[in-house]
1. What order do you get for A:339, A:69 when you list them from fewest to most C-beta neighbours inside 10 Å?
2. With just the Cα atoms defining each centre, how far is the stretch A:349-426 from the stretch B:297-366? Give it in Å.
3. For a bin width of 10 Å, list the pair-distance distribution of the stretch A:63-131 built from all Cα-Cα distances, rounded to whole %.
4. For the stretch B:113-249, what number results from the quotient of the Cα radius of gyration and 2.2 N^0.38 Å?
5. Over the whole of B:436-443, what's the average partner chain Cβ count within 10 Å per residue? Rounded to a whole number, please.
6. Separation between the residue B:362 and residue A:53 pseudo-spin-labels, each 7 Å from Cα along Cα→Cβ, expressed in nm?
7. Take every residue in peptide A:408-419, count the Cβ atoms of other chains within 10 Å of its Cβ, and give the average of those counts.
8. Would you give the gap between the C-alpha center of the stretch B:37-62 and the C-alpha center of the stretch B:190-246, rounded to a whole Å?
């Protein structure tokens, strides 16, 4: 189910808000969990089984790690002491949790990629007889990367002593399945919402700010991301593309992915606020970054925080010497890239980012163009990002390289390429791109905009909501980009 | 200086709490967020307005929708409310039980049952979600004005149509053909061959496989084949799409088009290409390969390899009229395509007919024949199919009707009619149907078949169907042969016309198109005699899918319905209890009730002989969807609902209004309640303040 759809806005959301707020406190998590399963099962009912099993494993592992399996339900569960040695059972159940989650993710997300690469290597070695040549493909369950990370964070937090284990299964099921952020994040770490699962306040102001977030998130998705996506699709899917058009297409894609994902995050935060939860900021005007290092402090914060706490630091972070730090950095970014999708394009994308971070670290935590004026630094960072987004968007490596050649003016332009001009430079698309530039570089991001809501802002928010709904009626199905990760 | 403790300021990540004891601890992201939300600077009234308007919006729209649906009654369709949503798991069970295969007694394993059920559930979910959008009064009311603004002011078009220069409109798949990747590149072929979904098989992506199969099939019966590719509009008129071209610009074909022509002329190139592409799979054991994406192609290519000599000795005669049409822009003094329509103009079509005649005269020896056909000029005006697809308001002024002069072909006093016994057969799509079938709105008896017949001076047999030129007409021919009617008997030439966009997006099926004459089947389905008419009642077992209005170029569509428990309403006994019924599901881009037939639904219909209606109304040329399996070989009856000849249009005719009065009503009631609550709260506050003061 997509937030920016008739079904969600005019059927699922009203029903959810009504049921949730009519329900007594004890039943709210039950109803939220059930509706979240409906929300998730809408894409494919069979995926629900997978999420249920994953949740069940982590719930049981959490209780074993907290040494509460079979204990009285009346006793409050203590937080494990930090830094203390854990028993063999505790370590075993952490490993069980990590392995089951990673196995699930690995199988459903990387099986096709792995077998494809294996076959390619066998073919290259002339060992055709050893090829697998599987006739079936594994379907990627929606949002599996998000909910496995989220579910894993529970057992890790309990093990480390960062959070208290949950005894009430409904609360845990609710945490994992919570529909606002289930399929495309932000990744909510357990320690961040553990307290809110016990107590949280529902206030009119909170709900009102949620309305503001939802309106602005929807506007970002429907009014900006979708038209930008159309331009990007035209440029990336055409047989050949000229230099100007290729730049136009990659700028459009950079805007599309930002507005699409940050719009989704805004809507997730909004729906959280409407049900009393507060989720942390996921984007902080990333295209205002003056270096790639800064970009990663502003882009998809929930993922970068997760990777930092659960990958970079356990690998040793920057505590084991310079060489090891660079290695950790590269490994974290490569795996971060691979987390996005099972394709060499994502590995390269992660590799470029890891390389840039290492380079900037060598430069004293700053960009190699640090001498430039602020605006130029922002521009250069954006151009670097444009090249990296090409790997993110292109269907495969040859297509990405061909597109980059077009951006550098080295591509072959065929007869039909100029037809693109008849589409890309329509007032609708040009206007959307100009508006996107204004929103990205001149307007505050959603958190800042909604910090102080005045009457003119109320009008802007309601106008954005109305425009988004009106525009929604004329658009075809446009799922969010991050649904496939 | 190296530090011994974790500091992450130089890491990939956002700065976090410092471990230095002197530095104040930084709040976590969640703490920051909590603090942020707690400090939202908003007055209570602003909060109320935001929340009230939002809730009004999301609650009133479904409420009004429900009011509308209740008022419209069951005829308007299965509904789009929570009740239908909650019933989806059960409707999927019902659909699964009634679907052929399960009910026929085939045993499925438990796992298979689960997957099958899941696939039915997914289909119903998709259908429900589509209905919500299509049936929404919001969509119905907002699309026309919004689309007018987007098209007229911003030049946006929609997902089916692109806005060109001036008053020109373009069909998106046509543009995609011209700007898209080469349709014969390995990546593209493999990607398309691996496509498909739970309900639709992957397409056969290579047009040459189908063309050579057809060439072989016809060569075996000594019939020549001429292929005519109707060029997509942007190929010939790119200057009407982008200012970067001028009127003399060469054709803008897909990058693979030249290769396509080369391989058609020299089939060895085609065989070499596929040999290289399938080489990595040669060693795969057949049992394994049978389930792989390349198996249908491997099988088809094996068949072609076996007949390689025949194919090489009987070349395909090919006509690409694009270059001539570009040159014709000057001669004709008018663009060769209609401004707001997908198709060519009458003079352009006549010009292509002349080219066909020249080609046939040169390449195919036909016995001499001179029929005395005449042409009569006639003016017709219509709004093009692309303009209809944009869904503008009925009274829009953006695009007017275009007037063209068609040349009606007559024989004596009668309009031109196809002749089943002619030695030339034309297979064509909407490029052949336009100006020929009155349903398309551009006049009749002046289409491509009529012009070719006029130029050749001989009668023509015709099989035409709008859309899907890659396979539809070959399948129709194949089915007729399988039913025992040898349509190819006595034929010397087949002219196969299809739209150029099919090359890159068509499904060039080869498995469903054997050209083997069969024996007439014994049918246990109801048959209506010529001139007969029966009133019957039956239960829908299965209905073929109907496209949504606005999503396709054609105006009319026919679905097939499998009826069971059929009994007569007129008292006379029937000789069968099952019937296959063809019935309009869309007329002039508006759904009829037949578009919504669901398994289990009871219907009362008037049934007539299909052939008789086809002769009068050219039903077979209307785009239709068929039911799969053996039903494809049955001859349907023609059905009409008792309510009206067109089956009754759904939606507008079923009592649905604009919805605005209801919306205003709901808004009014909600605003009243909200006001009352606000006044009550204010009084309470005043009372509390007075008490406090006291």
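1. Values: A:339 20, A:69 14.
Sorted ascending by nearby Cβ count, the order is A:69, A:339.
2. Between the Cα centre of the stretch A:349-426 and that of the stretch B:297-366, the gap is 44 Å.
3. Per 10 Å bin, starting at zero, the Cα-Cα P(r) for the stretch A:63-131 comes out as 17, 26, 21, 15, 13, 7, 1 percent.
4. Numbers: Rg = 21.1 Å, N = 137, 2.2 N^0.38 = 14.3 Å.
Normalised Cα radius of gyration, the stretch B:113-249: 1.48.
5. Shielding by partners across B:436-443 averages 0.
6. The two pseudo-label positions are separated by 6.5 nm.
7. Partner-chain Cβ atoms within 10 Å, mean over residues of A:408-419: 5.
8. 55
Since every read-out is calculated from the coordinates, none of them should be taken as a lab result. What you see is a predicted model, and the numbers here were worked out from it, not measured in a lab. Cβ coordinates were reconstructed from backbone atoms using ideal geometry, including for glycine residues, and neighbour counts include every protein chain displayed.
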